Amino acid sequence: MTDFSARSLRLACRCAACVSEMTGKVLLDDSTVPETISVVDAELTGNYGVLLAFSDSHNTGIYSWESLLRLVPDEKLVAKIRQLAR
Ligand SMILES: [Zn+2]
């Protein structure tokens, strides 16, 4: 099953590996992100966000709950992330 929501999240990653901290330029190449990507783990970080691990081994992206809900209006995926982050 293709999880478009998980892929959208992955593409929206703003970690230092995906977006240049110096220039703000997006370094992530969309074509390298598998269509079938999924969220495999999540960890609460600080009191505002969640660190996500994706099935392509990318695990440095931190998302605020606010941005998560904005990026994926997908209750099932957000529920899954909440469960993983427990
Ligand atoms: Zn990233």
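The values are calculated or read from the model by the stated rules, or taken from the named source; none is laboratory data. Not measured: the values here are computed from a predicted model. Glycine gets a Cβ as well: all are built from the backbone with ideal geometry, and neighbour counts include every protein chain shown.
Tell me yes or no: at least one residue of region 60-71 is of a type in the set (Lys, Arg), modelled with pLDDT under 95 and within 13 Å of the ligand (Cβ to nearest atom). Walk me through how you get there before you give the answer.
Here is the first cut: in region 60-71, the residues of a type in the set (Lys, Arg) are 70.
Add one more test, that the residue is modelled with pLDDT under 95, and what stays is 70.
Retained after the next criterion (residues that are within 13 Å of the ligand (Cβ to nearest atom)): none.
Within region 60-71 (the criterion being of a type in the set (Lys, Arg), modelled with pLDDT under 95 and within 13 Å of the ligand (Cβ to nearest atom)), the answer is no, since none of the residues qualifies.
Across region 52-72, the number of residues qualifying as outside any loop (DSSP other than H, G, I, E, B), within 10 Å of the chain's Cα centre (by Cα) and of a type outside the set (Gly, Ala, Ser) comes to 6.
When region 24-33 is filtered for residues that are surrounded by 10 or more Cβ atoms within 10 Å (Cβ to Cβ) and in contact with a helix residue (DSSP H, G or I) (Cβ under 8 Å, 6 or more places away or on another chain), the ones remaining, listed by number, are Leu28, Val33.
Listed here are the residues, each with its yes/no results for (1) at positive phi; (2) of a type in the set (A, V, I, L, M); (3) touching a Pro at 6+ places or on another chain (Cβ under 8 Å).
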site	(1), (2), (3)
Val19	no, yes, no
Gly24	yes, no, no
Asp29	no, no, no
Ser38	no, no, no
Thr45	no, no, no
Ser57	yes, no, no
Gly61	no, no, no
Trp65	no, no, no
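Close Cβ contacts (under 6 Å, 6 or more residues apart or on different chains) running from residues in region 49-60 that are of a type in the set (Val, Ile, Thr) to residues that are assigned to a loop (DSSP other than H, G, I, E, B) and surrounded by fewer than 18 Cβ atoms within 10 Å (Cβ to Cβ) comprise Val50/Ala85; Thr60/Cys15; Thr60/Ala17.
If you check Ser57 against the conditions, is it within 16 Å of the ligand (Cβ to nearest atom) and at pLDDT 95 or above?
Numbers: within 16 Å of the ligand (Cβ to nearest atom): yes; at pLDDT 95 or above: yes.
Here the answer is yes, as Ser57 does meet what is asked.
Is at least one residue of region 40-59 among the β-branched types (Val, Ile, Thr) and either surrounded by fewer than 13 Cβ atoms within 10 Å (Cβ to Cβ) or out of contact with any strand residue (DSSP E or B) (no Cβ under 7 Å at 6 or more places or on another chain) (or both)? Checked region 40-59: no residue is among the β-branched types (Val, Ile, Thr) and either surrounded by fewer than 13 Cβ atoms within 10 Å (Cβ to Cβ) or out of contact with any strand residue (DSSP E or B) (no Cβ under 7 Å at 6 or more places or on another chain) (or both).
For every residue, the table says whether it meets (1) within 14 Å of the ligand (Cβ to nearest atom); (2) within 14 Å of Ser67 (Cα to Cα); (3) assigned to a loop (DSSP other than H, G, I, E, B).
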{"residue": "Arg7", "(1), (2), (3)": "yes, no, no"}
{"residue": "Arg10", "(1), (2), (3)": "yes, yes, no"}
{"residue": "Ala16", "(1), (2), (3)": "yes, no, yes"}
{"residue": "Ser31", "(1), (2), (3)": "no, no, no"}
{"residue": "Thr36", "(1), (2), (3)": "no, no, yes"}
{"residue": "Val40", "(1), (2), (3)": "no, no, no"}
{"residue": "Val50", "(1), (2), (3)": "yes, yes, no"}
